[in-house]
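Values in this text are rule-based calculations from the coordinates and carry no lab data. Remember, predicted model here, so these are calculated numbers, not experimental data. Here the Cβ positions follow ideal geometry from the backbone for every residue, glycine too, while neighbour counts run over all protein chains shown.
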Amino acid sequence: MKKKILLCFFSFCFVSCSYRQEQKDLSLQKIEMTIKAIESLYVDTINNDRLIEYAIISLIQKLDPHSNYMTSKEVKEVDESLQGNFEGIGIQFNILTDTLYVVQVISGGPSEKAGIMAGDRIIAVDGSLIAGVGMKNTDIMKCLRGPKGTVVSLKITRTGNSNPIVCKVVRDKIPIYSLDTSYMVDKKTGYIKLNCFGAGTYNEFKTALKELKVKGLKNLILDLQDNGGGYLQAAIDITNEFLRENNLIVYTEGAHRRREDVYATAKGSFMNGRVVVLVNEFTASASEIVSGALQDWDRAVIIGRRSFGKGLVQCPITFPDGSMIRLTTARYYTPTGRSIQKPYEKVDKESYEDDLIDRYNRGEMMIADSIHFSDSSKYNTLINRRVVYGKGGIMPDYFVPIDTSCYTDIYRSLMASGVINKFVMNFMDKNRILLHNRYKNFDAYKSRFYISDVMLHNLLEMFRKENPDMLNARVSSLGFFGDKDYKRRLKNKKRKDSTMLLTAEDIKQFEKSKSLIKLQVKALIARDLWNIYEYYQVINDGNNVLKKAVEIIESNMMYNKLLGK
């Protein structure tokens with residue numbers, strides 16, 4: 001009897017599996033028949049390759065928000081950004097008034113070797129005019145990039161030279177750095193900012209950490225604000241620097257992918273000092289793995305606003321033509337078992353993409369109490385048993401609201417017009433040598449240089465002349481530009497404060513943005529004189545999240561209380 005039952009069971013399983021396979025084969029036949037019907041019967045001529053792409057994209061879009069299809073061109077661009085290099089001439093540039101302006105020349109790169117300098121304008125590439133013809137940034141990059149060893153001829157104009165200069169530049173490998181800056185904010189506390197997790201991120205981080213230790217590093221602030229993630233291995237390696245041996249860093253699991261755990265080794269080089277991690281609503285994926293692991297092990301205080309909530313693992317499947325689908329195969333979980341991924345099952349793709357806007361409208365960016373978690377999303381940290389939350393990003397231990405106090409209509413207009421960048425470009429043309437002679441190093445510049453009221457006036461005058469339509473639409477009430485008494489007040493030498501040029505009625509809006517405008521101008525000048533490292537050291541003076549982090553990391557009481565000690 002038992003044999004008959006067992007035989008029936010296996011027979012049922014066989015029939016069931018056969019039926020499912022038949023259904024699967026039938027579905028595939030339907031797709032193939034549809035494509036063949038379109039090819040042979042459709043009223044218009046169809047690009048078959050494009051049709052297949054549409055079919056793949058439609059299939060992938062029905063799965064989850066992060067599975068996606070990429071063309072071979074898109075795959076190459078993503079690989080370049082994460083692999084840490086591309087082949088080109090080695091400059092950073094802005095397009096201002098239809099002209100390519102060299103903002104920075106990468107040290108040791110091809111352009112520096114060819115004699116190109118910050119402030120140069122590139123007007124032609126290989127004899128083809130690029131200035132004044134309306135070329136986009138992407139088109140200009142295509143002209144400048146090319147295989148290593150190839151030569152590109154650049155015609156440039158330079159302040160002080162009456163005739164254009166022709167430079168021959170031999171293209172080479174150009175490094176892309178994922179570490180924006182690292183410096184000591186005081187004698188004990190260091191600061192490192194990462195913009196992504198690429199192939200070279202860990203080595204950049206290790207080098208920066210070593211250099212900061214030489215300068216007296218005891219505490220570290222790791223800034224992951226606006227860091228959208230990247231390679232998992234880079235996140236694991238960096239997290240490993242802070243955790244003890246055999247501490248779980250992250251695990252992944254999916255319906256067709258068994259659980260895989262990743263543990264820390266005994267090789268961490270910063271396992272004892274205090275750590276603060278900065279996050280915001282654009283902190284995602286690999287950044288959330290780092291911040292989630294350090295929070296779960298009570299190893300760091302997380303400061304800022306709730307992170308994005310991207311915790312799905314994508315497996316790349318490459319096609320023969322170089323295109324690729326990135327298929328979600330598992331979820332990331334923090335050491336306590338929290339799923340990093342925010343819910344997406346009950347919302348359409350558009351609603352999912354609008355999540356950050358919805359957070360802002362709900363007041364989440366302003367008030368921590370506007371964020372509500374269910375009891376099922378509560379977890380306890382592994383050392384001090386503090387309550388942390390899952391199911392949608394990493395909730396910080398200390399909330400810092402977004403600061404919009406300086407974002408007035410005039411500030412938005414200035415930023416939208418690009419006039420701040422152009423003003424700095426013109427200022428540097430006239431004062432580059434003077435500034436280099438006056439400020440022998442960055443510390444001297446940061447402590448002594450200030451944005452004068454004359455500079456601020458010139459900036460606003462440039463804005464008035466170049467953007468009359470924007471001016472009329474957004475800041476027509478600003479007395480600086482329309483007051484009849486303007487000329488008399490401008491000539492009054494005793495009034496040094498440029499805001500005195502505004503009417504009392506209109507002064508309030510300008511005053512709100514004045515400090516931020518000055519800070520940005522000073523930071524951009526620093527970038528032109530030195531590097532992006534110095535830019536951040538200036539602009540961070542207005543970073544309220546960083547200011548709070550410094551306060552907390554240097555206070556025994558605040559730091560220990562937030563960690564539940």
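Averaged over residues, the count of other Cβ atoms within 10 Å places the peptides 137-149, 517-529 in the sequence 517-529, 137-149, highest first. Working from label points 7 Å from Cα in the Cα-to-Cβ sense, the Val170 to Ser447 distance is 4.3 nm. Beta-bridge orientation, the chain: approximately 75 percent antiparallel, per DSSP, counting only bridges with both partners inside. Close amide H partners of Phe197, meaning residues 5 or more places away or on another chain with modelled amide H under 5 Å apart, are Gly229, Gly230, Tyr231. Applying a threshold of 21 Å to the alpha-carbon distances of Lys218/Lys547; Lys206/Lys440; Lys193/Lys514 flags Lys206/Lys440; Lys193/Lys514 as lying beyond it.
Can you tell me the FRET efficiency between Met557 and Val78 if r is taken as the Cβ-Cβ distance and R0 is 41 Å, rounded to the nearest 0.05? Working from the Cβ atoms, E equals 0.35.
As a ratio to 2.2 N^0.38 Å, the alpha-carbon radius of gyration for segment 81-175 is 1.00. Summing charges over all other residues whose Cβ lies under 11 Å from the Cβ of Ile552, with Lys and Arg as +1 and Asp and Glu as -1, gives +1. Taking a span of 24 Å or more along the helix axis (Cα atoms) and a mean Kyte-Doolittle hydropathy of at least -1.0 as the rule, the DSSP H helices of the chain that qualify are 2-41, 419-438, 507-529.
The Cβ shell under 13 Å around Met395 holds other residues with a net charge of +2, Lys and Arg each +1, Asp and Glu each -1. Report summary: the helix-based calculation at 222 nm, which adds -39500 (n - 2.57) for every DSSP H run with n ≥ 4 and divides by the residues of the chain, gives -13000 deg cm²/dmol. Among beta bridges identified by DSSP and lying wholly in segment 202-281, the antiparallel ones come to about 55 percent.
With mean projected area of the Cα convex hull in nm² in mind, check [x] 24.2; [y] 26.0; [z] 37.2 and report the label derived from this structure. Matching the structure shown: [z]. Taking other C-beta atoms within 10 Å as the exposure proxy, Ile410, Ile325, Ile38 rank Ile38, Ile325, Ile410 from fewest upward. Model label points for Asp429 and Leu63, set 7 angstrom from Cα along the Cα-to-Cβ axis, are 5.2 nm apart.
Shown for segment 81-175: lysine pairs separated by 8 or more places, or found on different chains, whose C-alpha atoms are under 19 Å apart, numbering 11.
Over the chain, Cα pairs under 8 Å with separation of 6+ residues give a relative contact order of 11 percent. How much net charge surrounds Asn441 when only other residues with a Cβ under 12 Å from its Cβ are counted (Lys, Arg +1; Asp, Glu -1)? Computed value for this residue: +2.
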